[in-house]
Amino acid sequence: MIKTFFTRKRISIALVVIGIAGAAWFFFFREVVPVQETVTAQRATIERIVSVTGKVQAFDAVDLSFEKGGRISKIHVSVGDRVSAGTTLLELDRADLTAQLAEVDAAYLVQRAKLQEMERGTRTEEIVIAEATVTSAKQTLADAQTNVLSVQNKATADMNEKYDAALHALAKSVNTANGSLYTLTDIQLKYFSDSSQESIALADAKARAVALLLGGSSFGRATNDVLGTLNGGAKALAATAQTTKAPADIEQALNATEQALIAVKTALDTVPVSVKLTTTESTNLQTEKSNVAGESVTISAKKQAIAVQKVTNESAISTAQTSVNTAKSALVSAEAGLALKQAGATEEQIAAQEAAVQQASAAVQSVRAQLAKTVLQAPIAGVITKQDAKIGQIASANVTVASLISDAGFEIEARIPEADIALV
């Protein structure tokens with residue numbers, strides 16, 4: 001029994017040893033299989049932070065100016081105001097353009113009405129009116145032509161009146177000047193017949209007066225009997241004018257007599273005041289001076305009256321003739337209008353009128369475009385940052401008068417190191 005017990009005990013110990021050895025071999029000598037874990041791949045952002053210093057500014061900034069220059073008449077905004085796109089900011093004075101628009105618009109309406117009339121055709125009552133217009137134009141022309149004749153007749157009568165008055169004045173002036181020479185000669189022969197300087201000066205002045213009034217030369221010391229035989233100079237021209245009554249002869253005589261009177265007055269003034277004349281002689285001398293001076297004024301006035309009458313006549317006749325020409329043009333236009341209405345408009349005329357309408361319309365659009373340039377509007381929504389304009393100030397074309405920044409977004413302006421540029 002005891003032997004059997006020990007035998008079983010050895011077997012149990014052996015089994016334990018074998019188990020421990022097997023376990024040791026399993027843990028120390030077996031091949032280790034690695035454990036694997038699987039995951040699903042996904043796209044993600046890898047963040048890298050770059051720190052820089054910069055400034056924040058509006059994404060849109062606009063400097064505003066007018067396309068055309070002008071005087072500022074209205075200001076609707078100030079610095080700091082928030083505006084929407086299309087808001088009117090400033091306006092230029094548009095009075096001239098507004099008046100011009102009214103003018104071209106009216107011209108357009110006239111041309112369009114003419115085209116509509118052509119396209120519609122002529123109505124019977126329009127032809128009747130056109131015929132009445134022609135009749136009226138003919139009567140107006142006849143009246144104007146009659147008036148021209150009346151004006152011409154009056155001009156001739158007025159001119160003849162001035163020439164008749166001039167002829168009367170010529171006769172009187174020549175006689176007065178001739179008598180003054182006689183008075184001067186009496187004084188000369190009595191006091192200045194020697195060879196003194198005073199006598200020579202008086203003789204020279206008298207010679208010039210005689211030459212202009214009576215003709216001839218070297219008659220400075222001639223007696224009155226000799227003077228009575230002279231019939232040239234202004235005296236002859238005045239006599240010719242009295243005979244022919246021709247305007248040219250009268251005007252020539254007036255000019256010659258005016259010069260002769262001046263020469264006679266100069267000769268009378270040459271008598272020295274120091275000479276001891278008798279009372280009668282002194283009175284006669286002063287009377288002749290006064291008479292000659294008066295005749296000079298008269299002749300000058302007659303010349304002026306003739307010149308003024310010529311201008312008056314020319315103006316009156318020209319005005320009357322202009323009325324005739326205007327009446328003729330009106331008649332031609334009226335007759336053409338009647339013929340046009342009777343015949344109706346041709347295709348070419350309608351086409352030409354359509355072109356006229358288009359041209360008038362283009363003129364209207366052009367002025368409206370100019371008017372649009374007098375208004376400055378905000379192109380974007382934002383805030384006004386500059387507005388220096390004043391009412392009445394002259395704004396030049398393309399010169400900034402206001403600035404605007406957008407409030408829709410902002411951007412950052414900063415310097416980034418070259419090494420970090422790839423990370424931005």
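The values are calculated or read from the model by the stated rules, or taken from the named source; none is laboratory data. Worth saying up front: this structure is predicted, and the values here are computed from it rather than measured. For neighbour counting, all protein chains shown are included, and Cβ atoms are generated from backbone atoms with ideal geometry for every residue, glycine included.
Quick look at the numbers
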read-out	value
Hits in the range 329-375 - residues which are in contact with a Gly (Cβ under 9 Å, 6 or more places away or on another chain) and under 30 Å from Thr140 (Cα atoms)	Gly344, Ala345
Candidate set from the range 335-356 (those that are assigned to a loop (DSSP other than H, G, I, E, B) and of a type outside the set (Ser, Thr, Tyr)); member that is surrounded by the most Cβ atoms within 10 Å (Cβ to Cβ)	Ala345
Residues of the range 169-203 satisfying the condition of being surrounded by fewer than 19 Cβ atoms within 10 Å (Cβ to Cβ) and either among the charged types (D, E, K, R) or under 53 Å from the mean Cα position of the chain (by Cα) (or both)	Lys172, Asp186, Lys190, Asp194, Glu198
Out of Thr298, Thr287, Thr319, sole residue that is buried (at least 17 other Cβ atoms within 10 Å of the Cβ), modelled with pLDDT of 95 or more, farther than 30 Å from His76 by Cβ and among the polar types (S, T, N, Q)	Thr298
Residue within the range 216-230 that is modelled with pLDDT under 95, surrounded by fewer than 16 Cβ atoms within 10 Å (Cβ to Cβ), farther than 14 Å from Gly179 by Cα and touching a helix residue (DSSP H, G or I) at 6+ places or on another chain (Cβ under 7 Å) present	yes
Residues satisfying the stated conditions in the range 186-201, i.e. more than 16 Å from Val264 (Cβ to Cβ) and either modelled with pLDDT of 95 or more or assigned to a helix (DSSP H, G or I) (or both)	Leu189, Lys190, Tyr191, Gln197, Glu198, Ser199, Ile200
Residue that is farthest from Gly215 (Cα to Cα), among those in the range 267-299 that are β-branched (Val, Ile, Thr), assigned to a helix (DSSP H, G or I) and over 55 Å from the mean Cα position of the chain (by Cα)	Thr279
Test: Asn160 is more than 28 Å from Val357 (Cβ to Cβ), modelled with pLDDT of 95 or more, in contact with a Ser or Thr (Cβ under 7 Å, 6 or more places away or on another chain) and part of a helix (DSSP H, G or I)	no
Where a residue in the range 207-229 is farther than 20 Å from Ser173 by Cα and its partner, wherever it lies, is among the small types (Gly, Ala, Ser) and in a loop (DSSP other than H, G, I, E, B), with Cβ under 9 Å and at least six apart	Arg221/Ser193; Ala222/Gly216
Failed item in (1) touching a residue at least 24 places away in the same chain (Cβ under 8 Å); (2) aliphatic (A, V, I, L, M); (3) in a helix (DSSP H, G or I), with Val332 passing the rest	(1)
